[in-house]
Structure formats: C-alpha cells, structure tokens
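In what follows, a structure is listed as structure tokens, so that the remarks can point back to it.
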Amino acid sequence: MVDAVAHFSRMQTNAADHDRRGASTAASQCVIVAAGDYPTLIAGKVVAPAQTSNWVTAWSEAANADAFIVTAGPEEGPSVILPLEVVKKGPFRIARFMGGSHAAGNFPAFHDGPGHLTAGHLAKAVRASRPDVDLVHLERLCAEMGGLPSPLAALAHTESPNIALAVCLDGGFEALLDRASGKRKRKKHRSQTRKFEAAGGIRRIEARTPEEVDELLAHFYEMKADRFRKMGIADVFAPLGVRAFFRQLFVDALAQSPPPFVLHGLEVGGKLRAITGSSRSGDRLVCEFGGIAEDDLAAASPGEFLFYENIQEACEQGFDIYDFSVGDEHYKRLWCNIEIRHFDIAVPVSVKGRFLAAGLSGVTAAKRFVKQNRVVWGLVKRLRKQTAAPATSEDD
C-alpha cells in the first residue's frame, strides 16, 4: 500500500521556504475579494473538485452561502485563492471550504510564485473584512495535487481523522486486475452479470439530461436516507439546500465536454440498484458519493458491480487514478493500493476562536484514534446501528 503522505515533510519544507521568501509580499496583498471574481482568479490553475468554479458557484447559489474569497500574492496574479463560506455553530462563526463535509480532498487554487499564505496574514485579512468570524477551519486538505505541493502545508496542522483510498490505473484495466486479485474479481463480475440478467436485465446509465440527473439524484437520496437511518447517523443529503446544490452542480456540468461532474446508475430489472456521483479532476476520476438500494438484490452487491464498470471506463478514458475519496471501507480496500492522508488547519481570528481551535484539536485527535483503530471503530458502528440515534453533526 502506497502512503501518499510519504513526501509530506519535503512538501512542508518547500512551502516554508516559499513562505519566507514571499512573506512581505503576502502581508500587503492578503485580501478578501468579491466572490463573483472567483472564476477569473482560478482560470488555468490546479484545483480540487470542491474548489472548481462549478462547485463554488453552485454552492453559493443553491445553498445561499455567506461566501467570500481570500487571495494572497501579487494583486495582478495572486498565488493562492481560498473560496470560503461562513457558517454558525453554536456561539461561533466559522469560515470553511464551501460544502462542509461534502467537500473532500481540498486543494485551493494555486500557482508557484511569491506571497504564500501564512496563518497570521490570513487571520489579519479575515479580521479586517469579516470581524464576525471566529475561526478559519480548513479540513481534508491534500498535500499535493497535479505535481504541486499544497500552499498551506507550511501552516500548523493536524492529520485528518479519515484517510482516503485510491487505485493506480497504470497499464489499463487488465493490468489492474492482474495486480488486484483479478481472477476473483472477474469470476464475481460474471456471476453478478448472470444474476442481474436473470432478474430482468442490466443497464448502466450516465445522466445526460436534466431529467436523468433528477431521476438518479431522487433515487440516490432515497437510498442514502434508508442507509443512514439504519446506521444511526444523520442524513447529510437531507437539507434542501444540499439537494439543490447537487442538482445545479450536475445539471450545469452537462454543458461542458467532458462534464466535470457525472452521475452513473446501475439499473437491474428496470429498477435503479446503485448510483455514483463522480468528478473528473485532472488525471483522476473521483467518486464523490455512492449508494445502493437495500432490496432483494443487495446481497448480489450491485454497488461493487457498478464500481467495476466505472473503474474499467476510467481506464478506457485514460485516467491515471481512480479515487474513492474519504472513508476506509472494505469494498474500497478490494481495489486500492494508495492511501491518502489529508490534513486540517485551524486559524483563530478572535479570542473565542482560540478556545474553539483548542477544543477542535482534541476532538480531531479523538476521532482519528477511533477511526484508525479497526476494533474501536467497528464497535462504534455497531453501537450506532443498535441505538439508531441520529448524529448531531454532519462531520461525525
């Protein structure tokens, strides 16, 4: 298993060197700009899916986000661009990446140049323009993307509680299967095909119209509501703003070729049994979410069947990586040979924010211990199912 954070120390050193060289520039040019300028600012730059114009625009509009943009570097070409939203949690106001827990594998728009962001410059800029904000909390940050180290790697940070899993697609699909228990996977896929054909036939769908987007999302929300209820956790897809966001995201993507965000569904016997929502991000296809129907065919693993088809297509389309995104699950481990460890940053802006940052550090450490200990995490999940008590936080 490859650990994608193996070179993280080197990236931190490089980012720190850049930071020292550009500190005076960043201090005078770390500012907050109008959110409407975002598409122009990030043109041609490397960004994660949740920092694309598609995502930021859709979230700002559909979720009615209190959004603002932080830039650092020369005015004529800032080297770091952070799209943020302000949310209220108890007595605190927190600036975070747009999308909350739906935004994973974050990487702000960045190009190598003077004026890298520092915690002090960030806090000063936010305090000057948004004095209501107590804390800037940036979660699930990638250490690198597109060959670039994160511009935020030099800031004080903690490891995120959850790892992400991905698989290298070098050599194509047959070569991948040869590396990943291919004989067993081929045999199971043939067996599933026979079962699904006997149940009324198989059809793999890619949403190509707004109506198909609506149909797949409606079924996906039903699948996830049922699943979350059985797991005893809150349904993060239930809020109307979140649903409006995903509809706008996938519908707007249809106007681009290829679409940067795409929905796939597996229909068996005329009924949708599995659905995935993915993003195209440079050399990788990222599974942003997935769901299966808890029905008579669930035991035949329609979700695994759809992943098999999606990964095969990703190979055919020339992607280098298939990224399952955040979460350590058995069905991902069956494919993956890459572990990705993200990091979190908490920058206090107010006195209240300092207390909140200290508390979050302890909570993050506790979550990381639980989720990276298979025995403890298994016990927690069993207790959730038994009590079926809804979670109080979208990030639990």
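Below are the figures for this structure:
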{"item": "Tabulated pairs, the stretch 168-188, first under 14 Å from ASN337 (Cα atoms) and free of Cβ contacts under 8 Å to residues at least 40 places away in the same chain, second loosely packed, with under 11 Cβ neighbours inside 10 Å and hydroxyl-bearing (Ser, Thr, Tyr), C-beta under 9 angstrom, 6+ apart or interchain", "result": "none"}
{"item": "Candidates GLY290, GLY241, filtered to the one that is buried (at least 19 other Cβ atoms within 10 Å of the Cβ) and within 23 Å of the chain's Cα centre (by Cα)", "result": "GLY290"}
{"item": "Search result, residues across the stretch 128-145 that are of a type in the set (A, V, I, L, M) and more than 12 Å from the chain's Cα centre (by Cα)", "result": "ALA128, VAL133, LEU135, VAL136, LEU138, ALA143, MET145"}
{"item": "Test result for GLU309, of a type outside the set (Val, Ile, Thr), in the same structural domain as ALA175 (by TED's automatic domain parsing), outside any strand (DSSP E or B) and in contact with a helix residue (DSSP H, G or I) (Cβ under 6 Å, 6 or more places away or on another chain)", "result": "no"}
{"item": "Which listed residue is surrounded by fewer than 18 Cβ atoms within 10 Å (Cβ to Cβ) and either modelled with pLDDT under 95 or assigned to a strand (DSSP E or B) (or both), from ASP344, ASP295, ASP323", "result": "ASP295"}
{"item": "The stretch 147-188, residues that are part of a loop (DSSP other than H, G, I, E, B) and surrounded by 15 or more Cβ atoms within 10 Å (Cβ to Cβ)", "result": "SER150, PRO151, LEU152, ALA153, ALA154, LEU155, HIS157, LEU169, ALA180"}
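The values are calculated or read from the model by the stated rules, or taken from the named source; none is laboratory data. Note that the coordinates shown come from a computational prediction; the quantities given were computed from them, not determined experimentally. Glycine gets a Cβ as well: all are built from the backbone with ideal geometry, and neighbour counts include every protein chain shown.
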